[in-house]
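The values are calculated or read from the model by the stated rules, or taken from the named source; none is laboratory data. Here the structure is a predicted model, which is why all the values come from computation and not from measurement. Cβ placement follows ideal geometry from the backbone for every residue including glycine, while neighbour counts extend to all protein chains displayed.
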Amino acid sequence: MPSVAAFILLLLCWPLLATAAQDDANANNTMSFITIDVAPWASVDPSSGRFVGAFPELIEAIGERSGLSMSISLTPFARVDRELESGDHDCTILIPRDESLVVPGELVSYHAIGVIAREGIVLREYDDMAGRAISVLRGASIHPRFDEDPTLDKQFDTDYAIALRKMERERIDVIAGAIPTIQFIAEQEGVADQLGDILQLAEVPLVFQCSRKSSQLDNMSAINQAIRDIKEDGTLEEIRQRHYF
């Protein structure tokens, strides 16, 4: 009789055991993505605590197309490589990281780098910056010619919002940096109408890539295909337009 009772107990508990096992499997199969905490790419909405921006929308769209479970973490730029090197996070979508750390995947998009003039100032070619006061983020790299040009009047600021306020007061004429991000912050600050001519100097690729220590590398092909799908059906372009990247 004890064996019969044990068998009946096993039958009663089996659905619960199966559900728990499936939950564990799902948790283990979650793809952990990490990226930089910078709007409009990715940030936390202070009112809701939710992740917002281009990156969370991209990951949601990729998850829907691939059928894979995704989680997101945000961090300062300097920590991304450490997280990938340790394998604490599986993947990212970001400018290319060192291939000793990651396995590169599909190209997602390009991000425009350059300069934006104050409305009314002509900025059609590089030499139009001569004699103009230019705001540059401290430590930023724009383009080799620009970075190494001692003739330009560069003023170093800590963020784009400060640069935009200086531009509004006509203390600077040009802002250098990530063009979509400058446009986004100008919209947020209500000063988009002060932006004029744009001169693109470079572009950087944003690439799907995964830690070489990730246990999820077998899923890269499914994510690569999902990225190609959202390019082809227009989803990626909608996200680009919505978030200025």
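How many residues does the range 110-167 contain that are at pLDDT 95 or above and of a type in the set (Ser, Thr, Tyr)? Residues in the range 110-167 being at pLDDT 95 or above and of a type in the set (Ser, Thr, Tyr): 3 in total.
This table checks each residue for (1) loosely packed, with under 15 Cβ neighbours inside 10 Å; (2) in a helix (DSSP H, G or I).
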residue: Arg171; (1), (2): yes, no
residue: Ile182; (1), (2): no, yes
residue: Leu201; (1), (2): no, no
residue: Asp218; (1), (2): yes, yes
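Does the range 191-212 contain any residue that is under 28 Å from Ala61 (Cβ atoms), basic (Lys, Arg) and in contact (Cβ under 8 Å) with a residue 24 or more places away in the chain? Yes - at least one qualifying residue is present in the range 191-212. Tally the residues that are β-branched (Val, Ile, Thr) and buried (at least 19 other Cβ atoms within 10 Å of the Cβ), restricting the search to the range 37-75. Qualifying residue count, the range 37-75: 2. The helices (runs of 4 or more DSSP H) falling completely within the range 50-168 that include 1 or more residues that are within 15 Å of the chain's Cα centre (by Cα) and not polar (S, T, N, Q) map to 54-66, 77-86.
Out of the range 203-216, which residues are part of a strand (DSSP E or B) and exposed (fewer than 15 other Cβ atoms within 10 Å of the Cβ)? Lay out the reasoning, then the answer.
Narrowing the range 203-216 to residues part of a strand (DSSP E or B): 203-211.
Listed by number, the residues that qualify are Glu203, Pro205.
Among the residues of the range 134-142, are any surrounded by 14 or more Cβ atoms within 10 Å (Cβ to Cβ), without any contact (Cβ under 8 Å) to a residue 24 or more places away in the chain and within 23 Å of Glu189 (Cβ to Cβ)? Within the range 134-142, none of the residues are surrounded by 14 or more Cβ atoms within 10 Å (Cβ to Cβ), without any contact (Cβ under 8 Å) to a residue 24 or more places away in the chain and within 23 Å of Glu189 (Cβ to Cβ). Taking the range 154-163 as the range and being aliphatic (A, V, I, L, M) and touching a strand residue (DSSP E or B) at 6+ places or on another chain (Cβ under 7 Å) as the test, only Ala163 passes.
Here are some residues: Ser73, Ser43, Ser69. Which one is among the hydroxyl-bearing types (Ser, Thr, Tyr), under 23 Å from Ala178 (Cα atoms) and at pLDDT 95 or above? The unique qualifying residue is Ser73.
Do we have any residue at all in the range 14-26 that's modelled with pLDDT of 80 or more, out of contact with any helix residue (DSSP H, G or I) (no Cβ under 6 Å at 6 or more places or on another chain) and not β-branched (Val, Ile, Thr)?
No: the range 14-26 contains no residue that is modelled with pLDDT of 80 or more, out of contact with any helix residue (DSSP H, G or I) (no Cβ under 6 Å at 6 or more places or on another chain) and not β-branched (Val, Ile, Thr).
Checking each residue in the range 220-239 for being under 17 Å from the mean Cα position of the chain (by Cα), polar (S, T, N, Q) and exposed (fewer than 14 other Cβ atoms within 10 Å of the Cβ) picks out no residue at all. Going through (1) closer than 19 Å to Gly105 by Cβ; (2) buried (at least 17 other Cβ atoms within 10 Å of the Cβ) one by one, Ala186 falls short only on (1).
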